[in-house]
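Notes for the one structure printed next.
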Amino acid sequence: MKKFRYSMQSLLVMQQKLEDQAKAAYGAAKLRLNEEEEKLGLLQKKRDEYVNEKRDVMTKRLDVPKLNQLQRAVEVTDDRIIRQKQNVKKAEIALRAAEERLLEAMTGRKTQERLKENAFEVYRQEMNIEEQKEIDERTGFRYGRKDTEEV
């Protein structure tokens, strides 16, 4: 009996490697997005601290240089927040692209696996037919021998 061999096994292996690479790229993109969002959160927290400190300075004795310094810090932090939001947006776009590549790779691998399963099913059917032929030949040979012996 011949052994099952999938003719496109190398393509299936390649699809699996592509999927693994896409998973790694997706993971890296997700990590980068998380980092960018964390940076944004820290900037927003820092801005809130500056605003609270500015509010405290305004309620106590008026310190104009300190007030100007805090106002400038809030403005600089606002600019950083705007840039960081752009970085977050870019990271989200990169994540979506990585996700699409991952889905394509998974689809390719699943397709190859289905083709392999179908090829294996055809192989099993062919083997069953061959086995049935062998059984029929053996049975026919046995009964054929008995018929000649009885005569």
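For (1) basic (K, R); (2) assigned to a helix (DSSP H, G or I); (3) open to solvent by 90 Å² or more (accessible area, probe 1.4 Å), each residue gets a yes or a no:
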site	(1), (2), (3)
K85	yes, yes, yes
L102	no, yes, no
K116	yes, yes, no
Y123	no, yes, no
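Is it true that R138 is closer than 30 Å to Q21 by Cβ and part of a helix (DSSP H, G or I)?
no
Only one of V51, V64 is in contact with a helix residue (DSSP H, G or I) (Cβ under 8 Å, 6 or more places away or on another chain) and open to solvent by less than 80 Å² (accessible area, probe 1.4 Å); which?
On inspection, the qualifying residue turns out to be V51.
Mind listing whichever residues of segment 67-89 are touching a residue at least 12 places away in the same chain (Cβ under 8 Å) and out of contact with any helix residue (DSSP H, G or I) (no Cβ under 8 Å at 6 or more places or on another chain)?
Correct list: empty.
Looking at (1) open to solvent by 80 Å² or more (accessible area, probe 1.4 Å); (2) under 30 Å from L12 (Cβ atoms), which one does A28 not meet, given that it meets all the others?
Single failed check for A28: (1).
If I go through segment 1-37 residue by residue, how many of them are in contact with a Phe, Trp or Tyr (Cβ under 9 Å, 6 or more places away or on another chain) and closer than 30 Å to N87 by Cβ?
0
The values are calculated or read from the model by the stated rules, or taken from the named source; none is laboratory data. Computed from a predicted model, the values in this text were never measured in an experiment. Positions of Cβ are generated from backbone atoms using ideal geometry, with glycine treated the same way; all protein chains shown enter the neighbour counts. Accessible surface areas use protein heavy atoms only, side chains included; no ligands, DNA or RNA. Shrake-Rupley method; radii C 1.70, N 1.55, O 1.52, S 1.80 Å.
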